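Heads up, the thing below is written out as structure tokens.
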Amino acid sequence: MALINEFSKLPTVGPKTAARLVFYLLNRPRNEAQALAEAILAVKDRVRLCSICFSITEEDPCPFCTDQRRDATLLCVVAEAKDIFALERTSAYKGRYHVIGGLISPMDGIGPAQLRVKELIERVGSESPQEIILATNPNAEGEATALYLSRLITPLGVSVTRLAYGLPIGGDLDYADEVTLAKAIEGRRAL
Amino acid sequence: MLDFRPQAGLNVLVGQNAQGKSNLLEAICLLGTGKSFRTNRESDLIKSGLDVASASGEATLRAAGTIRLSCTISSTPRGTRKIYTLNGEPVKYAKFLGSAKVVTFVPADLQLVTGPPSLRRHLLNMALSQDQPLYYRNLARYQKVLVQKAALLRGAVAPDPDLVNIYNQTLVETGAAIMLARAHFVSALGREARRVQDQWISDGGALQVQYDANVPFEVATQDAVTAAFEARLRERAEAESARKACLVGPHRDDVMLLLAGASLAAFGSQGQQRTAVLAVKAGEYTVMHDRSAEAPLLLLDDVLSELDPSRARAFMNGIGHYEQAFLTTTVMPPDLRSSALYEVSAAQLKRVA
């Protein structure tokens, strides 16, 4: 069936899940299917990138950039727009964002020139934030990207910080891997 | 599906070629190391016509008691997937590795003296990764960053000296730890191999096993190795960008095997080379055993039967004490005492003694 095929192209969806989704939809009223189809098309037609932070948005500039209650002295750099939504779920961050659009990975043909690094530097100049928070993933590519950006931004006289490494809350010391545990010891804090 | 309950001591699997003896050993190796000793291509482990291969087993350890391990390889439209479990819980490879330690001796090891450096690095990597989880993690990070740096030097993206320096920083951090671990391991390996070699007829002089680090260092300390590595990267920076390749670091390490001070690969007779391989492999086992409270499983794939009886006996003497070993062979070596003897035929197993 064509729809099963289409669904199984989606990330994390295999042929079995795709079939389940299709059979579920078959059993639902027509208007639900229509709403889903329209929502999918709307994503493609209406959603675009914010011209300031490059997050995805239906209106440009995006609500994160126009919201005056957000702290303009903080700028958080993420790889992808989806990382913003992860950070927003915490409700712990009230500053601005900048999406660089990926991580430095020469093996995939992605160097600093392929990312929105120039745009970031321009924003640092024009918006003069006091702190840049680098929130890239703690893997090899995320690390390299963060180090690269920090070398670029630090000379501009802005403080650059990196998300902390450490143990997951509710976790067990026993289950932590050696590298995470070693980083947690390095990054320990006075109580 | 085959169910196998081996005995303590030496389990001998006898059978004609292509009956599934090595396959069984491979399954045990998969449970210990998560990798096959025959192939690097995961998809080769799956029987043609099927899309899943799976090995599961129980191991009884001194420290942890009985643990359950499984490794499942499945081919999906998006490539081969591998799932490891420990006591029924899915775990990452880094956690799975080393749960049940394994030392293998397979036909490819016979090239250890004469073959390429990658064979000798592979021995160090497999042994140290099982022994020290941090070694494996450093190695994995090193290799990942090395691939990125290589792509950058090759010109996959615009040249960027800053980025090269950032990659070098991680290479030094992880590489220095790898080099230190290798230096300690090789010095222990050399001592043990020498001891094993001394036990049999003196074969033209003393065997030496030396760590031939691509970045030479004076003393084996974190600071000295880090400084030497950093200096070497600076010296060779121009050459690296001119030749578009990563020229410096432990990915180019080797282990030198010398007999009476001369290279065994260049000057040793075939007999001397063979003896050295046996001494190094037996030494590998005793070093691994010394470093752990558990006696590693010993997997001998079709190797001892190729040796003359005196060498085979000397090898087993060199290994010394072990708790459980598996040996595949087409003919039973005459003077080997086994705890259990199995006949393998058409992928079926029958205990005969």
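The values are calculated or read from the model by the stated rules, or taken from the named source; none is laboratory data. Quick caveat, the model's predicted, so the values are computed rather than measured. Virtual Cβ from ideal backbone geometry, glycine too; neighbours counted across all protein chains shown.
Summary table below
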{"item": "Test: residue in segment B:193-209 that is within 14 Å of another protein chain (Cβ to nearest Cβ) and either of a type outside the set (S, T, N, Q) or surrounded by 22 or more Cβ atoms within 10 Å (Cβ to Cβ) (or both)", "result": "no"}
{"item": "Complete set of residues in segment A:1-12 that are away from every other protein chain (no Cβ under 11 Å) and touching a helix residue (DSSP H, G or I) at 6+ places or on another chain (Cβ under 6 Å)", "result": "A:Leu3, A:Ile4, A:Phe7"}
{"item": "Residue among B:Thr114, B:Thr104, B:Thr72 that alone is of a type in the set (S, T, N, Q), in contact (Cβ under 8 Å) with a residue 12 or more places away in the chain and within 26 Å of B:Thr174 (Cβ to Cβ)", "result": "B:Thr104"}
{"item": "First in segment B:337-349 and within 15 Å of B:Ser22 (Cβ to Cβ), second anywhere and buried (at least 17 other Cβ atoms within 10 Å of the Cβ) and among the basic types (Lys, Arg), Cβ under 7 Å, 6 or more apart", "result": "B:Val344/B:Lys21"}
{"item": "Number of the condition not met by A:Asp174 [criteria: (1) away from every other protein chain (no Cβ under 12 Å); (2) acidic (Asp, Glu); (3) over 29 Å from B:Val164 (Cβ atoms)]", "result": "(1)"}
{"item": "Filter result for the condition that a residue is part of a loop (DSSP other than H, G, I, E, B), of a type in the set (A, V, I, L, M) and in contact (Cβ under 8 Å) with a residue 60 or more places away in the chain, over B:Ala245, B:Ala276, B:Ala265", "result": "B:Ala245"}
{"item": "Leading residue by the ranking (farthest from B:Arg141 (Cα to Cα)) among those in segment A:87-117 that are within 13 Å of chain B (Cβ to nearest Cβ), in a helix (DSSP H, G or I) and without any contact (Cβ under 8 Å) to a residue 12 or more places away in the chain", "result": "A:Ala113"}
{"item": "Answer from B:Glu238, B:Glu294 - the residue that is outside any helix (DSSP H, G or I) and surrounded by fewer than 21 Cβ atoms within 10 Å (Cβ to Cβ)", "result": "B:Glu294"}
{"item": "Residue within segment B:122-137 that is under 17 Å from the mean Cα position of the chain (by Cα), within 8 Å of chain A (Cβ to nearest Cβ), closer than 30 Å to A:Ile110 by Cα and assigned to a helix (DSSP H, G or I) present", "result": "yes"}
{"item": "Odd one out for B:Ala27, checked against (1) in contact (Cβ under 8 Å) with a residue 24 or more places away in the chain; (2) within 30 Å of B:Leu307 (Cα to Cα); (3) out of contact with any strand residue (DSSP E or B) (no Cβ under 7 Å at 6 or more places or on another chain)", "result": "(3)"}
{"item": "Residue satisfying condition, being under 30 Å from B:Leu86 (Cα atoms) and not assigned by TED's automatic domain parsing to the domain that holds A:Pro138, within set A:Leu173, A:Leu191", "result": "A:Leu173"}
{"item": "A:Tyr148 vs. criteria loosely packed, with under 14 Cβ neighbours inside 10 Å and within 14 Å of another protein chain (Cβ to nearest Cβ)", "result": "no"}
{"item": "Search result, residues across segment B:75-95 that are within 12 Å of chain A (Cβ to nearest Cβ) and in contact (Cβ under 8 Å) with a residue 40 or more places away in the chain", "result": "B:Tyr93, B:Ala94"}
{"item": "Any chance B:Lys144 is touching a residue at least 60 places away in the same chain (Cβ under 8 Å), among the charged types (D, E, K, R) and either part of a helix (DSSP H, G or I) or more than 9 Å from every other protein chain (Cβ to nearest Cβ) (or both)", "result": "no"}
{"item": "Of all residues making up segment A:13-23, the number that are within 14 Å of chain B (Cβ to nearest Cβ) and touching a Phe, Trp or Tyr at 6+ places or on another chain (Cβ under 8 Å)", "result": "3"}
{"item": "Elements of type strands (runs of 3 or more DSSP E) contained in segment B:1-120, each with 3 or more residues being in contact with a Leu (Cβ under 9 Å, 6 or more places away or on another chain)", "result": "B:9-14, B:52-61, B:65-76, B:79-86, B:102-105"}
{"item": "Residue in segment B:157-167 that is outside any helix (DSSP H, G or I), crowded, with 16+ Cβ neighbours inside 10 Å and within 14 Å of another protein chain (Cβ to nearest Cβ) present", "result": "yes"}
{"item": "Those residues of segment A:121-145 which are among the small types (Gly, Ala, Ser) and more than 14 Å from every other protein chain (Cβ to nearest Cβ), in sequence order", "result": "A:Gly125, A:Ser126, A:Ser128, A:Ala135"}
